[in-house]
Every structure is written in C-alpha cells, then in structure tokens.
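Heads up: the structure comes next, in structure tokens.
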Amino acid sequence: MAKVTEKLLLEKCSPKTSKLEQIKTLNLSRLGLKAEDLPVNLLSRLRSLERWDLSGNGLQQFPKHLELPALRFLDLSDNQMEDVTTLESLSSLEELKMEDNLYITVSDNHKLMALLPKLRIYNGKDISTSANHLRFVYTENLRTRIIAVWEKSFRLPDPITVEKMSALEEKFVNAARDQVKFGPSSVSDFTKWKVEIIAKEYLRSLTEPVKEESESQESADTKENCSVSTPSKRKQTASVTDTISLTPRKKHCSDIPTSPVEASPRKSRLQTLTQNSPIRMSPRKISQPPSTPTRGQTRAETPRRGSKVRQTKEDDAAQIKPKSRTELQRNADTLPTMKICSRTQPVCLKPLHVLQCHSKQDSSEDLSTQLWACAFQPLPDSTGAGGGSRLVATCGGDSLCVIDCETGMVMKKYKVPGEEFFSLSWSTVLMSRGGGASAQHCSILAAGGKRGLVKLIHPRNNLAYGEFRASRKALSVLRFNHHQGNFLFTGSYDKKIVMWDIGGVDSQYNFKVVQLLVLEIGTIPLHICLPPTSPSSHLLTAGEDGLHCYNTKLGTNNATKRSKEMEITFPIYKNEDKDHDYHTIDGLSFLTDDIVASKNYMHDSIYLWSWSRTKAQRPDKKDRTVCAVVLAELQWANTEIPYLALNTCPGQAYIVCGDDKGRLWTYHVTNLQKNSFQTGKPILPTEVLEWPTTVKKGLGQLEGPSINSVAMDPELRFLVALSDKNMVIVWKREESS
C-alpha cells in the first residue's frame, strides 16, 4: 500500500469536503497500512477529526508525535500493535478499540490508561473509574515508595553538575525499579515503566523548583482597601422586625424507598401575568421563616437550609433608583476599558410562565416550599459542552423537575418522600452500549439534599438509575467538573467537600463511584466554583466564613485530604462591627475566564474581581490571605435576607441576581473601566425586572417573594428564577424587530 495521500483522505472522509481541516470522520480500515504509510505532516492538518477507523491494517505502532486535538474515537482493532506509548499525543481521546491485537498485554492496557488522560471507553467497556484509580491512587502509592527509596539511600551532589546528576539519575532509577514492588505480577512491566517516569520527575523536582507567578502590580493598592487579617469565627447577629411570623415546618418523614420518575408530566400554574408598575421600594412587614439555625447556633441532627430574617430599612425607598439605559450610557466614563463581550445591546426579557411544580402532596395551596437550585441542561456533543437547551432542572422540597421553558410543561418529575433537595448539577458522561457499538454521550443530573444521598438521573430515558451516600449529613451544594464530566464535588453540612469519580454507565446502567479527595473546609459550603482556566487544579468555595481556594490537582502528592491554599478577602470587611458581619459569601460565579462576580451577605453591592491578579499576589505562597483585586462594584438591593444567589451568562456578558421583593437585577457588563472601582461609584443595573403580578384564587394578588436562585441558558433566550414561595418564574427574551 502506498502512503496515505490528501486525495485518499478526501475520498474516505465524511461529511464530504474539499479541505482536510474540515474532516470530522475518517475510515481508513482494511487498506493494509503500515506506520510508515501515515505521514505525520499531512495527517496533522486533520484539526477537526473526531472519529478515525484504522482497523484491519498492519500497524505495529501509531505515528509518533501526531497531534489531533479533536479526536475522540479511534479504532485500532485487528492490527499488530506493539508499542502503545506512541498514542500519548492523543490527549483528547475518549474511546479506543484495540481488540485482536495479538501482542497487547495487560501492562499495555494499563499504560494506555495512564497515557491518555480522557480515555473512558476501552474495547466497548467503561473504564473511567479503574483508569482514574490507576492515574491517581495507584500512582501516588508508587510515588510514596519512590520517595522512600530516595530518602533512605540518596542525596543531591554538592556541587551539582550535569555529569554527577546524570550518574545519580541512572543509579536512582535503577534502585527504584528494583526496590519498588507494588501491584500484581501481571502488571510488573507497567509498574517498572511507571516507576522510571515518576523517579525521573521526582529528581527533576528537587533541582528545578516550580516557577512562581510574579507579584501583581496592584497588590499594594489592594491591601490598602482590604482587611487582610484572618478574623476569628463570628457569631451571626440576627436583627429582626417587631413581628416575625413563622410558617409551620414540614415534619421530617422517615426514609422511604425512592419512587421512580413520574411518567405523567404535570403542569401546575398560577394565573398570570401583567408587568408591574415602577419599582416599589416600600419595606416588607412579614418576615421569612427561619428554616435552619443561623451561624453560631446549634444545628439540629437533620439540618435544614439556612434561615432568612427580614429587617425593615427606613431609608430603603431613597437608597436605590435604577436609571434608564440611555442614562447609563450617557453617564459612561471615558476611561480606557477592558472588553468582555462583543454583544453591545442589552436583551429585553418578558415574563412567560409562573409554575407551582414542587408542591407538597401536589397541593396548589402550597406557598411555603422553598426552591433552591436550578440549571439548564447542556446539549451534549463530542466535547460534552455543546451549549444549552430550553430544558431547565429545578429542585426544592421532595422533588426535582425538568421543565420546558418554551411551553411551561413539566416534562419529568422525580420525587423522593422524606427528602428535601438543596442542589443539583448537570453533566455529560459516556454510555457504553456493547455489541461493538460506539459509546454515546448522555446528559445526566445529580441531585442531593437533607438525607446526604446523591441521586443520579438520566432524564431522557426517564430513569433514576442510582444513588450513593456522599455524607451522613445534609448536602448543601453539588458541582460537576465540566472538563472531566465524571468528576463530581459534593459539599455537606459536616463542613467537607468531597471529590468523587462517578464514572460512566453501560447499557444496563451499571456504574461505580470512587472517592478521590476530601477537603476539610471548616464551614458549610454554600457555593463551589471551578476556575474555567484551571478546573482540575483549583476550587473556590464560598461559605459563612468567607471565600477560600483549595488545590484539587490529583497526582501531585499523596494527600487525599487537603487544607485550604488561601483565603480571599474583600474591602467591605473593614466596615464590620458587632452588628455587621460581611464574611458570608452567598453568591459566586465566573463571568469570564478571569472575572468573578461575588456577593457578600448584608452588602448592597456585587463585586467584580480578577481571579488571576488576585492569585498572583502570593509570589512565595506563604501568605494564606490575599485581598481580591476588585475591578468594579455593581449596585444591588439593600436587604438582610441571605442566600439570594447570583448567576452569570458568560456568552452574553450578563449577571443576574434576585432580591427579597421578587425583582431581578440584571447587569449587562460588556466592558469595565480600568479604575471604575477606585472612583467609588457602583455600576447601576442595566434593568431591574419587576415581579410579575400573579393572582391566586382565594388569595388575590401575591407579593413578590425572595428569589433564591436564577439560571440562564448560554444564549440568554430564557431566564429562570426560583422563589421561597414554591414558584418557578420563566422569563423569555423578546427579539428586537
């Protein structure tokens, strides 16, 4: 067989195209190809190639150093493969077929799992759990034993020279290969191969320290605005109005076996909708019932989500008066700006549906069930991140719903008697189908709450396929790592965040869960954020004692339990006194890869700050407290109701946060003035969406409730808000004519 040519590639590709760079699928099976028939320079142009069939050839190895960034599926079955290390450059590969390669051993299978970080399906079987165990747990055990060999018999030469280091490396590697015994004998070849790699890496780490990030130029100015001392744990001071009316708390039911997902969708709606008149700033009189103890109080055996206490502000009416869009544009500063998004015009949102779909015993009279979390379903593609759909998942009380935002129909409903759901998260995992069929991506939901159990649900097939216990106490927050869709973080009332590998599923919905990491955080986590630029190495968690950063990188040391890397403080801390504690961070989300939006309880502004510049203030990593490099403040409501979470829509440069009167404060932040924070003038909201007037039979017009959570799809076609009165409000964007 002659070498592969451009003409052959265009003949064998699909969809048909005239450019190599546009090829997505390629079938070069049964052509009698050898490794030398695959020219690297030509094949490197296949930048969009996702699926490649090379089965039935005579390949002994894969072309070395061939990088195909989009390749997700590779079929090398029925070849003569011997050297699997040549596949190392395929860093995005998720599924690999290697059947009927006579010379492939068990050790080779292990090498493939170690070399290909995203490999999840091997020969039609889901190997993600065992692969991650090998990549992290097994590797850390080897590293521990290798370090012991070094500390027992070796030390660095003095002075260090190239010749001495070369001789030392050879002696150390040989000693490690001989002395480190771990794992079954069937993988001894893999173990020696891996020991050699780790030993060389360890020796290099002793002589080549990791370069630290340079100190930010803004650090001096930032420290002036921040209280950098680490405060002692404060007691929450609850200021209350003259009258606090308490609604009855739901009795806790004993654990009852999970019921299946309801097959018949329900649609329970309030009569809607007319837009309210101008923003009413009059204080509310009725206080929110505290459903959980506040900070400093003793928590019950079965904890509930945090309490909300209302306080009347005499100066509320005069405090905030949002300006029109034209006024905002007219008052814009002329200073140099930081570009965030190309969209220049704000969107126009109108209320579309108000739903009651989480009612106790499906009662339309239920206006007390609190709804806590919502998220739009991502549309799965080959990368697992294909945008968003019009389906949104919501949770509260004992149920979880999947709602079609366009029609207002509850498409799926899942109930667990005795549960109270606090959080949910979507992800995309691979489903292996067997029978030679390639794996497919599927969207799953994880949800958890009072009982400490994580429920795994496949909404498309109307199936709750599994559960596992994440904590003996309630779960407060769940978050998937979308760069590694099978990695799930759970935060719980035992003041821990645990990282799990939930693997994928097969056609029978068999799955396996492995605990990878435990973070001791010292407070109940309210939010978990993974920086878009480093989702596998850093985690931000917000709670009642502030904002903290943790190192979550696996394979760097043998500690499965980690302490915090740093605390991020804010300028408002310096205004604290016995009546004002601003340390509770109850809103946190990334607006861009670098800009973070966060909200401090009792503070009437939202901070926008730089993650990279804040992190860069620790050049020696000795100081565990840094002040956020604040870029701007967004003016928000003056309220003392906690847990009113904000959210962002990065693709449209939008930030949205609800308040305690049912309003949605929207901010279209397309650019930032470089010194807007130093001017001391908060950025006004782009628009404040009024609570839509809703009329309930027998109760008349309903006042606006507190908005606990909001979510937007990536294109901002829909905005969904959850209230503390069992109402889901759907807003839709009106297209400009």
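The values are calculated or read from the model by the stated rules, or taken from the named source; none is laboratory data. Computed from a predicted structure; not experimentally measured. Every residue, glycine as well, gets a Cβ built from its backbone with ideal geometry; the counts of neighbours run over all protein chains shown. Ligands, DNA and RNA are stripped out before the accessible areas are found, and what is left, the full protein with its side chains, is counted by its heavy atoms. Shrake-Rupley method; radii C 1.70, N 1.55, O 1.52, S 1.80 Å.
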Worksheet item: Considering only the range 5-93, what is the antiparallel percent among its DSSP beta bridges, to the nearest 5?
Response: 20
Worksheet item: Between V137 and E170, what length in nm is gained on full extension when 0.36 nm per residue of separation is reduced by their alpha carbon distance?
Response: 9.3 nm
Item to complete: Using label points projected 7 Å from each Cα along Cα→Cβ, tell me how many nm separate D577 and E365, to one decimal.
Response: 4.7
Item to complete: Step through the table entries K412/K473; K171/K194; K24/K118; K360/K450; K181/K553, compare each Cα-Cα distance with 21 Å, and write down the pairs that go over it.
Response: K412/K473; K181/K553
Practice prompt. Mind checking the per residue accessible area of the range 12-102 for me, 1.4 Å probe, whole number of Å²?
Written response: 44
Discussion item. I'd like the carbon and sulfur percentage of the solvent accessible area for the range 62-107, probe radius 1.4 Å, heavy atoms only, ligands and nucleic acids excluded.
Written reply: 45
Item to complete: Once you have a ≥ b ≥ c as the square roots of the Cα gyration tensor eigenvalues for the range 555-615, tell me rounded if a/c is under 1.5, and otherwise prolate or oblate according to whether a/b is larger than b/c.
Response: oblate
Discussion item. Assuming 0.36 nm per residue, please report the length gained on full extension of the stretch E734 to R30 beyond their Cα-Cα distance.
Written reply: 248.0 nm
Practice prompt. Work out from phi, with θ = phi - 60° and the Karplus expression 6.51 cos²θ - 1.76 cosθ + 1.60, the ³J(HN,Hα) of each residue of the range 646-657, listed in order in whole Hz, and give x for Gly and Pro.
Written response: 8, 8, 10, 10, x, x, 10, 6, 10, 10, 9, 8
Discussion item. Please list, in order along the range 509-522, the HN-Hα scalar couplings obtained from phi with the Karplus expression 6.51 cos²θ - 1.76 cosθ + 1.60 (θ = phi - 60°), rounded to whole Hz, x for Gly and Pro.
Written reply: 6, 6, 8, 9, 10, 10, 7, 10, 7, 10, 10, 8, 10, x
Discussion item. If I stretch the segment between E565 and E11 completely, what's the gain in nm (0.36 nm per residue apart, minus their alpha carbon distance), one decimal?
Written reply: 194.0 nm
Fill in: Residues whose placed amide H lies under 5 Å from that of N57, excluding near-sequence neighbours
R30
Worksheet item: What accessible area, in Å² to the nearest ten, does a 1.4 Å probe give for Y550?
Response: 0
Worksheet entry | FRET efficiency for E21 and Q345, using Cβ-Cβ distance with R0 set to 35 Å, rounded to 0.05 | 0.55
Practice prompt. Compute the distance in nm between two label points, each set 7 Å from the Cα along the Cα-to-Cβ direction, one at V162 and one at Y465.
Written response: 5.5
Discussion item. Taking all protein chains in place and a 1.4 Å probe, what share, in percent, of the accessible surface of the range 513-632 do carbon and sulfur account for?
Written reply: 45
Practice prompt. Given a cut-off of 27 Å, name the pairs among K350/K725; K496/K725; K512/K622; K415/K512 whose C-alpha atoms lie farther apart than that in the structure shown.
Written response: K496/K725; K512/K622
Worksheet item: Of the trypsin sites (Lys or Arg not before Pro) in the range 578-674, which ones lie in a loop per DSSP and count no more than 14 other C-beta atoms within 10 Å?
Response: K578, K621, K622, R624, K674
